[in-house]
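S.K.: Just passing along the structure, written as C-alpha cells.
The values are calculated or read from the model by the stated rules, or taken from the named source; none is laboratory data. Keep in mind that this is a model prediction, so the values were computed, not measured. Cβ placement follows ideal geometry from the backbone for every residue including glycine, while neighbour counts extend to all protein chains displayed.
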Amino acid sequence: MKIRRKNTALVSACLSFCAVALLAACTATMGAKAPSSQNGNTSQTAKARLYGDYLAASYAHQLGDSRARSEYYSRAFARVPDDIKLGQVSMLSALSANDNVLARALAIEVYAMNPQDGLSRAILGASALSKGHYKKASIYLADSNDGTGLDDINGLMQGWVEVGLGNQDAALESFTQLQGGKYFELIGSLQKAKLYAALGDSEKADEFFKEIDTIGISSIESLLSQVRANLAKDDKDKALALLNAFAAKNGGALTGPVRLYLDMLAAEQEIETEFTPAQSASRALTEPAFGYYAVQKRYESAEMFLRLALQLDPKNDKARLFLASVLEDMNRDDDALSTYMKIGEKSAYAVSARLSEANILFQKDKDSAAIQLLENVYETHPSRVTLDSLGRAHLIREDYAGALPYYNKLIASMSDAELQKNPQPKYIRGICLERLERWEEAVVDMEYVLKYQPQNADALNYLGYTWVDKGVKLGTAFEMIRKAVALEPKSGAIIDSLGWAHYKLGQYGQARLKLEDAVEYSPSSATIVDHLGDVYWKVGRKREAEYQWRRAVSLDPTDKELRVLKAKLKGGLNAASSVE
C-alpha cells in the first residue's frame, strides 16, 4: 500500500517542531548530510527553520512527493545561499518537480558560485539551446570538465550547439571526445552518423551506422535515423526495405515508431526528416538516460537527463515514455501516470503509454478503469498486442470466461506457422479452458505447445500438475514435472508440482521435502504454503499445518482457496472436502 501524499503545510509544521526539539543533536551529528550555516551569529530560530525545511524536504523525498521536496530544499537554500551542495540538491529537486523556471533560477546562483559545476551548466545550457541561443549555450556547455557523468551529457549538447553555430568540425570533435567508455563512444558515433547524413555524406554516415548496428546500441534510434536519411534523399525503397527487415525480425512491429513509419509510408504521408539542433540534442540525451543510467538503476540521473531532453524538445514522446517508466521504478506511480497521460493518441508511443497506464491502475486496485482503458486502446489501436493485453488483464483477475474470447480471437488471427513459432497464446488459452473445466480442450492446447516447444517448462508443469491433481496419467505426469524441474530447478511453482505429485501418491515424506523446498523459493505463494500445511497434517505435525494454513490465508489466496483454508482451520484437513 502506497503512502498518500501529505499536505505540505502539515509536513512543514510537524518537521519544524521536530527540528526545534532535535536542533542540538542535528547540529552535532548531521555534519556532511545537512546544510551548513557559515554565520556564527545566526539565531537559534533561524537554525530551527533551516533544519525544519531540510528535514521536511528529506521526508517529502521519502514520500515520493517531488513538488514538496523541491519547495523545501529551495527554501533551505535561500536561508544559506553559500551552501553549494544544498544548491545542487535544490536544482535536482526542481528538475524532478518539472519546475524548469525554478531549476534555471537556482542554476544561475550555483553557477555564479562555481562556474565549473556540471549540473548548473547542463540546466543553463539546455535552457539556452532550447531557445536557439547557441552562443550563450556554448558558454555553459563547452569544455565541461567537472569529473562527473555530466561531462558527457554536456558534451552531447555542445556538439549540437556547434551544429547550430555552423561549426561542423567542432561538433564532430565534441562527439569524439566523450569519456564515458565504449557505450558513450557509440552514442557519439550515432551523433556523427546523423550529422554526416544531414550533410549529405552517405558514405561516412553509413560507416558509423554500421558500427552502431554491429554492437546493437540504440538499434531503433539508429534504424529510424537511417530511414529518415534515405527519405531525405528520396530513396523511399531503401527506407521501406530497412523498416520491413526490422519488422520481419520483430514480430511485425505491431506498435511503436517503426509501425507508425510503415503506416505513414503506406498512406503516402510525409515523415519529418530534419530536426533542429535542440531536437537532435534531446534525442542524444534520451538514449543514455534510459539505455545506460536507468539500466544501471541510477534513476535520479536518468530522470534528470530525461527532463532535460524534454526541455529541449517537449514533443519527444520517447523521452516522456522513458521518464514515466523511470518514475515507476522510483515508486512514484502518480507522477508516472500523469506523465504517461501526456502522450497523445497519435503518438508512436501511444499504445505503450496506455498499457503502462492500465498496469498502474491495476496496481491501485482500479480494475474496472484499467479494463476500460484497455478496451479503448484496442478499439483505437487494434493489434495482437492490445488484444493480448486485454486477455491477460482478465486472466490476472481470474476471469477466465472473460479472457477466453480474446485468446480465441488472437489464435484465429495467427497463421499455423506463427503459432508453431510462438504457441504462447495456446498455452494461455489452455489455462483458461482448464479453469473453466473444459479439460479435454485444454489438453489439446497444452499438447500443441509441447509439440512445438518440448522444453517449455511452464507447459510441462501445468499439464503434469493438472493430471496429478486429477489423479490421471500419474506416470506421464511425473516425468513431465521432473523434466520441468530439471529445466527450472529454482522455480517454487514447479517444485511444488513435484511435491504435490508425491502427495497424491501418498508419498508424504518425499512430498514434505519437496514442498519445503518450494516454499523456500516461493514463500509468498498461498497455494504452495497451503500444500505444505496439508502434508504436515498428513505426517502428524498438525500444529505446524495450522500455522501454514494461517500463513496461506494472509497471502492473498483465491476465493476458492480461502474457503478451503477456513474449513481446514476449523475442522482439519478432512473438512476441506466439504467445500471443494
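S.K.: Can you name every residue in segment 155-183 that is part of a helix (DSSP H, G or I), surrounded by 22 or more Cβ atoms within 10 Å (Cβ to Cβ) and not charged (D, E, K, R)?
M.R.: We begin by selecting, within segment 155-183, every residue part of a helix (DSSP H, G or I); these are 155-165, 168-176, 182-183.
Those still in the list that are surrounded by 22 or more Cβ atoms within 10 Å (Cβ to Cβ) too: 155-163, 171, 174-175.
Across segment 155-183, the qualifying residues are Gly155, Leu156, Met157, Gln158, Gly159, Trp160, Val161, Val163, Ala171, Ser174, Phe175.
S.K.: Of everything in segment 41-82 that's touching a residue at least 40 places away in the same chain (Cβ under 8 Å) and part of a loop (DSSP other than H, G, I, E, B), which residue is nearest to Asn98 (Cα to Cα)?
M.R.: Asp65
S.K.: Take Asp469 and decide whether it is charged (D, E, K, R) and surrounded by 24 or more Cβ atoms within 10 Å (Cβ to Cβ). So that I can check it myself, show each step before the final result.
M.R.: On the way: charged (D, E, K, R): yes; surrounded by 24 or more Cβ atoms within 10 Å (Cβ to Cβ): no.
When the stated conditions are applied, Asp469 does not pass them.
S.K.: Of these, Ala493, Ala518, Ala486, which one is closer than 24 Å to Glu440 by Cα, of a type in the set (Gly, Ala, Ser) and either crowded, with 23+ Cβ neighbours inside 10 Å or under 34 Å from the mean Cα position of the chain (by Cα) (or both)?
M.R.: Numbers: Ala518 fails: closer than 24 Å to Glu440 by Cα; Ala486 fails: closer than 24 Å to Glu440 by Cα.
When all the criteria are applied, what remains is Ala493.
S.K.: Within segment 119-144, track down each residue that is under 16 Å from Ala309 (Cα atoms) and not aliphatic (A, V, I, L, M).
M.R.: Residues of segment 119-144 that are under 16 Å from Ala309 (Cα atoms), as a first pass: 119-132, 137, 141.
Passing the criteria: Ser120, Arg121, Gly125, Ser127, Ser130, Lys131, Gly132.
S.K.: Quick test for you: out of Arg512, Arg482, pick the one residue that is assigned to a helix (DSSP H, G or I) and more than 25 Å from Asp556 (Cα to Cα).
M.R.: On the way: Arg512 fails: more than 25 Å from Asp556 (Cα to Cα).
Of the residues listed, the single one that is assigned to a helix (DSSP H, G or I) and more than 25 Å from Asp556 (Cα to Cα) is Arg482.
S.K.: Okay, moving on. Of the residues Ile139, Ile84, which is more than 21 Å from Gln177 (Cα to Cα) and not basic (Lys, Arg)? Spell out how you get there, then give the answer.
M.R.: Working: Ile139 fails: more than 21 Å from Gln177 (Cα to Cα).
Selected residue: Ile84, the only one of Ile139, Ile84 that is more than 21 Å from Gln177 (Cα to Cα) and not basic (Lys, Arg).
S.K.: Separate question: Looking at Asp53, Asp83, Asp99, which is the one that is among the acidic types (Asp, Glu) and either loosely packed, with under 15 Cβ neighbours inside 10 Å or under 30 Å from Gly164 (Cα atoms) (or both)?
M.R.: Result: Asp99 is the single residue among Asp53, Asp83, Asp99 that is among the acidic types (Asp, Glu) and either loosely packed, with under 15 Cβ neighbours inside 10 Å or under 30 Å from Gly164 (Cα atoms) (or both).
S.K.: Let me ask something else. When Ala197 is evaluated against the numbered criteria (1) under 19 Å from Tyr292 (Cβ atoms); (2) in contact with a helix residue (DSSP H, G or I) (Cβ under 8 Å, 6 or more places away or on another chain), which criterion, by number, is the only one it fails?
M.R.: Exception for Ala197: condition (1).
S.K.: When you check Glu287 against the structure, is it in contact (Cβ under 8 Å) with a residue 24 or more places away in the chain and of a type in the set (Asp, Glu), yes or no? Step through it out loud before you land on a result.
M.R.: Numbers: in contact (Cβ under 8 Å) with a residue 24 or more places away in the chain: yes; of a type in the set (Asp, Glu): yes.
Spelling it out, Glu287 is indeed in contact (Cβ under 8 Å) with a residue 24 or more places away in the chain and of a type in the set (Asp, Glu).
S.K.: Are any of the residues in segment 104-123 touching a residue at least 24 places away in the same chain (Cβ under 8 Å), buried (at least 20 other Cβ atoms within 10 Å of the Cβ) and β-branched (Val, Ile, Thr)?
M.R.: Scanning segment 104-123 turns up at least one residue that is touching a residue at least 24 places away in the same chain (Cβ under 8 Å), buried (at least 20 other Cβ atoms within 10 Å of the Cβ) and β-branched (Val, Ile, Thr).
S.K.: Do the conditions hold for Asp152, that is, is it in a helix (DSSP H, G or I), of a type in the set (D, E, K, R) and under 23 Å from Arg307 (Cβ atoms)? Give the derivation first.
M.R.: Values: in a helix (DSSP H, G or I): yes; of a type in the set (D, E, K, R): yes; under 23 Å from Arg307 (Cβ atoms): yes.
Yes, satisfied.
S.K.: Can I ask one more? Of (1) buried (at least 21 other Cβ atoms within 10 Å of the Cβ); (2) of a type outside the set (Ser, Thr, Tyr); (3) at positive phi, Glu287 satisfies all except one. Which?
M.R.: Glu287 satisfies every listed condition except (3).
S.K.: Condition check: acidic (Asp, Glu), more than 23 Å from Phe362 (Cα to Cα), in a helix (DSSP H, G or I) and at pLDDT below 95. Does Glu434 satisfy that?
M.R.: Values: acidic (Asp, Glu): yes; more than 23 Å from Phe362 (Cα to Cα): yes; in a helix (DSSP H, G or I): yes; at pLDDT below 95: yes.
Spelling it out, Glu434 is indeed acidic (Asp, Glu), more than 23 Å from Phe362 (Cα to Cα), in a helix (DSSP H, G or I) and at pLDDT below 95.
S.K.: Just to be sure, is Ala229 assigned to a helix (DSSP H, G or I) and buried (at least 21 other Cβ atoms within 10 Å of the Cβ)?
M.R.: Details: assigned to a helix (DSSP H, G or I): yes; buried (at least 21 other Cβ atoms within 10 Å of the Cβ): yes.
Here the answer is yes, as Ala229 does meet what is asked.
S.K.: From the list Asp213, Asp201, Asp234, which residue is out of contact with any His (no Cβ under 6 Å at 6 or more places or on another chain), closer than 26 Å to Leu150 by Cα and charged (D, E, K, R)? I'd like the intermediate steps shown before the answer.
M.R.: On the way: Asp201 fails: closer than 26 Å to Leu150 by Cα; Asp234 fails: closer than 26 Å to Leu150 by Cα.
Answer to the check: Asp213.
S.K.: Being farther than 21 Å from Tyr462 by Cα, among the basic types (Lys, Arg) and surrounded by 16 or more Cβ atoms within 10 Å (Cβ to Cβ): is that true of Arg429 here?
M.R.: No; evaluated as a whole, the condition is false for this residue.
S.K.: Name the residue that is farthest from Leu565 (Cα to Cα), counting only residues in segment 502-531 that are of a type in the set (A, V, I, L, M) and in contact (Cβ under 8 Å) with a residue 24 or more places away in the chain. Step through it out loud before you land on a result.
M.R.: Narrowing segment 502-531 to residues of a type in the set (A, V, I, L, M): 505, 511, 513, 515, 518-519, 526, 528-529.
Now drop any that are not in contact (Cβ under 8 Å) with a residue 24 or more places away in the chain, which leaves 505, 511, 518-519, 526, 528-529.
Numbers: Leu505: 22, Ala511: 19, Ala518: 19, Val519: 17, Ala526: 10, Ile528: 12, Val529: 11 Å.
If we take residues in segment 502-531 being of a type in the set (A, V, I, L, M) and in contact (Cβ under 8 Å) with a residue 24 or more places away in the chain, then Leu505 is farthest from Leu565 (Cα to Cα).
S.K.: All but one of (1) in a helix (DSSP H, G or I); (2) surrounded by fewer than 24 Cβ atoms within 10 Å (Cβ to Cβ); (3) without any contact (Cβ under 8 Å) to a residue 60 or more places away in the chain hold for Arg259; which doesn't?
M.R.: It fails just one condition, (3).
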